[in-house]
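Accompanying notes for the structure given below.
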Amino acid sequence: MSDKLSPEEREKKKLPPEDESHFSEEQQKELLQKYDPESNTRDLSGIIKHVVFFGLLAFSLFQLYTAIFGQYTAYIQRSVHLGFALSLIFILFPLRRRKGARHKVAWYDYILALLSIGVGAYWPIMYDDLVFRIGRVTELDLIVGILAVILTLEATRRAVGMPITVIGILFLTYGFFGPYFPGFMRHRGQDLESLIQLMFYTTDGILGTPIGVSATFIFTFLLFGSFLVKTGVGQYFNDLAVSLAGNLTGGPAKVAIFSSALQGTISGSSVANVVTSGSYTIPMMKKLGYKKEFAGGVEAAASTGGQLMPPIMGAAAFLMVEFIGGVTYWEIAKAAAIPALFGS
């Protein structure tokens, strides 16, 4: 990690050139894909790239329409949200992290995407029938519900990682095999029909509170944050931090703190915060004599605190509003601002 490396060695190690203070956009993307599962997406081209673009555009327009007018029931809004998300995940996220898999979509991912569209469209198409016979599950309902559970678990594994998927599988197993557990963990259990009905045909499973919050609040905030990032506001925040703290004692470290706090207002990811602002501030701190461990520690701590910075704050704030009840989003945002400012 020495500054005495040749330009070729620095490029091989993904280090910024000596005459530059930050990583290139391509290097930032590679770092995000390495350390953040949510950034490990395919680089598409040709017709499928345009298909995904219009799919994302339709997803955004649907979410904005429901956010403004809110004319759909919870089942329809959440199932359509789920269908859009699952189908796009299978197109954008490869089955495994292989370099070649990032440039083309495998045939089975097209099938999974089509199945996801079918699962998402099932509630809007069958809404009257499903409501009329609430509590009774037909064979077709059972097949669609099983597909919804399997597709959701696989999409979660691809986009978020294996740990949360394993947790979901363990809880499903616990619900099914309850009578075989010892002591206080034992319960009467659920048969397959009851479990699928709970998971996809009520608002206590997949179509429950978390996806409801995502469909009504989180999506619009993240869309707004992405718009700010793409319009160059992130670089503006870095420049603003340099102008505010660059000439102070310990300036580079303070620039890292300010820029991470500002980046946190448009990003709900601490990893993305480290990559975007850290690629600028860490080389700056090292160049002025800070130890690399200290420079990395300052940026990591500041970016973690920045994740709590309103208004994005990841998904936690919106989930707290929904679960607690009687507490507004702005009360959560004011409470989060205090530890975010101390953490940053």
Area accessible to solvent at His187, 1.4 Å probe radius, in Å²: 60
Hypothetical label at Ile167: residues of the stretch 190-218 whose amide nitrogen lies under 15 Å (7 Å Cα-Cβ projection): 210-211
Solvent-accessible surface ranking, highest first, for Leu82, Leu153, Leu64, Leu114 at 1.4 angstrom: Leu114, Leu64, Leu153, Leu82
Extended-chain gain in nm, criterion 0.36 nm per residue less alpha-carbon gap, His187 and Ser226: 9.5 nm
For the stretch 52-164: accessible area per residue (Å², 1.4 Å): 55
Net charge of Cβ neighbours under 12 Å - reference Ile196; Lys, Arg +1; Asp, Glu -1: -4
Ser45 - accessible surface, heavy atoms, 1.4 Å probe, Å² rounded to 10: 80
HN-Hα J in Hz across the stretch 163-178 - Karplus 6.51, -1.76, 1.60, θ = phi - 60°, x for Gly and Pro: x, 5, 5, 4, 4, x, 5, 4, 5, 5, 4, 4, x, 7, 9, x
Accessible surface of the stretch 86-125, 1.4 Å probe, proportion on carbon and sulfur as whole %: 71
Potential lengthening between Tyr65 and Asp129 on full extension [0.36 nm per residue; Cα-Cα distance subtracted]: 20.5 nm
Length gained when the stretch Tyr180-Tyr110 is fully extended (0.36 nm per residue, less Cα-Cα span): 21.3 nm
Heavy atoms of Phe62 accessible to a 1.4 Å probe, total area in Å² rounded to 10: 30
Cα-projected label distance for Lys49 with Asp204, points at 7 Å along beta-carbon direction, nm: 4.8
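The values are calculated or read from the model by the stated rules, or taken from the named source; none is laboratory data. Since this is a predicted model, take the numbers as computed values, not measurements. Note that we place each Cβ from the backbone using ideal geometry, even for glycine, and neighbour counts take in every protein chain shown. Heavy atoms of the whole protein, side chains included, go into the accessibility calculation; ligands, DNA and RNA do not. Shrake-Rupley method; radii C 1.70, N 1.55, O 1.52, S 1.80 Å.
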